[in-house]
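The values are calculated or read from the model by the stated rules, or taken from the named source; none is laboratory data. These numbers were taken from a predicted model, which means no experiment stands behind them. Positions of Cβ are generated from backbone atoms using ideal geometry, with glycine treated the same way; all protein chains shown enter the neighbour counts. Areas reflect the complete protein model, heavy atoms only, side chains present, ligands, DNA and RNA absent. Shrake-Rupley method; radii C 1.70, N 1.55, O 1.52, S 1.80 Å.
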Amino acid sequence: LKCHNLMDKKLRDYCIERFDQAFSSNIPYKPKKCELLTKQDFKDLIDEANEFAIKVGAPAIHDDRWISYMTMIEYMVSDRNIKSKMMYIGVQALNNLTFLWDDLDDDMVENNFELAIEEANRITRKYYEPQHHNLVFGATKQWLTFDTFLRKSESKKLLFGSSLETYWRTRLIDSGTNYFIMVSAPIYRDDYYLKLAKIMIASQVNVVGYMFVNDVVSFNREQQQKEVANCLYFSDYNHHDSFVEFFDKHLKQIVENFTIAKSFPETSCNILLDSVYGHFIWARDTIRYDVKGVNPVNAMIKRQLSNQI
């Protein structure tokens, strides 16, 4: 792996412009942000999430962080195809749990794993129709287990650093791509798409579209936090021509996956394309991936000292 400094704004803007061109020229419909949640829904979701955060010893969490989590889901779901608001709220509640978990310092994760599993089970039973419980809870448990188990493992560095092929196989699970596809699939009540989710075809079609965008726009934050799961470590952006070749290879793969999505029935196609395009729009604009890197909304959350509670 090559060693890097932070990505400068000029190169980041170049990448975003290329992404924008690829998405807008290959996807005819620009997805809309989902506006199903009321102010009361947001309040209830934040209150619910804060209850769990307090249980694991986190300090007070600003609403802006929760809003950044929930805005991502508002862009990543296919607004025009949602059939169940209640299960959509469940997606938001699970995302608050897993995004929080991703942002928690290592010692908080290690000591509270069983609490997280219990919370995932509670959320799933509260918001999802019973026939989807095993799928949704199983996917959430898998992601929580993967993230917790490999946090400090030397194997994690090898899984993400040995080759691009190994990187992308591991990223399918680590990134939450497969988890998100699984927990969001029931909200559309579409049998064909649900099957695509269950056999992991939907997640394989969208993983590079989600995560190559993520790796580019979040690179400065992840570099500052010493995160090893970023494919740009295989590139050399200090040499423009070399980096453009690396970038073009991945962008070509994303566009090829758009073509695969378009081969599916209309609803499944629209869900996949709305989601991957919506994720780009969110990632491009969110304060979580500010070009300066770490900020109060995206910094790792450290344990609340007992004398401060």
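Using a ≥ b ≥ c from the Cα gyration tensor of region 146-273 (square roots of the eigenvalues), is it rounded, prolate or oblate, where a/c under 1.5 gives rounded and otherwise the larger of a/b and b/c decides, a/b for prolate?
oblate
At a probe size of 1.4 Å, how large is the accessible area of H240, to the nearest 10 Å²?
About 100 Å², rounded to the nearest 10.
Tell me which GluC sites (Glu not before Pro) from region 1-50 have a DSSP coil assignment and no more than 14 other beta carbons within 10 Å of their own.
Here the GluC sites (Glu not before Pro) that fit, given the DSSP loop and packing criteria, are E35.
Taking K39 as the anchor, which lysines have their alpha carbon closer than 23 Å to its alpha carbon, excluding any fewer than eight residues away along the same chain?
Output for K39: K83, K85, K126.
What is the sum of charges, Lys and Arg at +1 and Asp and Glu at -1, for the other residues whose Cβ falls under 11 Å from the Cβ of M108? Display every interim value, and only then the final one.
Values: positive: K55, R151, K302, R303; negative: D103, D105, D106, D107, E110.
Summing Lys and Arg as +1 and Asp and Glu as -1 gives -1.
Report relative contact order for the chain in percent, whole number only (criteria: Cα-Cα under 8 Å, sequence separation at least 6).
About 30 percent, as a whole number.
Could you tell me which label, among (1) 18.6, 58; (2) 20.2, 62; (3) 20.3, 66, carries the value of Rg and Dmax of the Cα atoms in Å calculated for this structure?
After the calculation, the listed value that fits is (1).
Compute, for D102, the solvent-accessible surface of its heavy atoms (probe 1.4 Å) with the complete set of protein chains present, and express it in square angstrom to the nearest 10.
So the heavy atoms of D102 present about 60 Å² to solvent.
Using a Förster radius of 25 Å, what is the FRET efficiency between K152 and R303 based on their Cβ-Cβ separation? Nearest 0.05, please. Walk me through the numbers before you get to the answer.
Values: r = 16 Å, r/R0 = 0.64.
Step by step, r from the Cβ atoms, then E = 0.95.
How much net charge surrounds K262 when only the other residues with a Cβ under 15 Å from the Cβ of K262 are counted, with Lys and Arg +1 and Asp and Glu -1?
Net of charged neighbours comes to -3.
Which of the aspartates and glutamates could a cross-linker span from K262 if the Cα-Cα distance has to be under 13 Å and same-chain partners fewer than 8 positions apart are dropped?
Here the aspartates and glutamates satisfying the reach criterion relative to K262 are D274.
So who's got an amide H within less than 5 Å of the one on I301, skipping anything under 5 residues away but keeping other chains? H placed 1.01 Å off N, in plane.
Amide H to amide H, under 5 Å and 5 or more residues apart or across chains, I301 pairs with L104, D105.
Just grab the label-to-label distance for Y29 and F113, each label 7 Å out from Cα along the Cβ direction, in nm (one decimal).
Here the modelled spin labels are 4.2 nm apart.
Between region 203-273 and region 146-193, how many Å separate their Cα centres?
About 14 Å separates the Cα centre of region 203-273 from the one of region 146-193.
Rounded to the nearest 0.05, what FRET efficiency do K55 and K9 give with R0 = 30 Å and r taken as the Cβ-Cβ distance? Could you check? Don't skip to the answer; put the middle values down first.
Details: r = 39 Å, r/R0 = 1.31.
After rounding to 0.05, the efficiency reads 0.15.
If the cut-off is 25 Å between C-alpha atoms, which lysines fall inside it for K10, apart from same-chain ones fewer than 8 positions away?
Once the sequence-local lysines are set aside, what remains near K10 is K2, K226, K249, K252, K292.
With a 1.4 Å probe and all protein chains kept in place, how do L135, L159 rank by accessible area, largest first? Working shown, then result.
On the way: L135 35, L159 55 Å².
The ordering from most to least exposed comes out as L159, L135.
For region 153-309, what's the relative contact order in percent, using C-alpha pairs closer than 8 Å and at least 6 residues apart?
So the answer I get is 26 percent.
Could you tell me the relative contact order of region 98-243? Use alpha-carbon pairs under 8 Å, at least six residues apart, and round to a whole percent.
Details: 106 pairs, mean separation 29.1, N = 146.
Worked out over region 98-243, it gives 20 percent.
If I54, I89 are ordered by their accessible area, calculated over protein heavy atoms with a 1.4 Å probe, which sequence runs from highest to lowest?
Of I54, I89, the descending order of accessible area is I54, I89.
In whole Å, how far is the Cα centre of region 49-88 from that of region 278-292?
A separation of 16 Å, based on Cα centres.
So what does H239 come to for accessible area, using a 1.4 Å probe and Å² rounded to 10?
H239 has an accessible surface of roughly 110 Å² with all protein chains in place.
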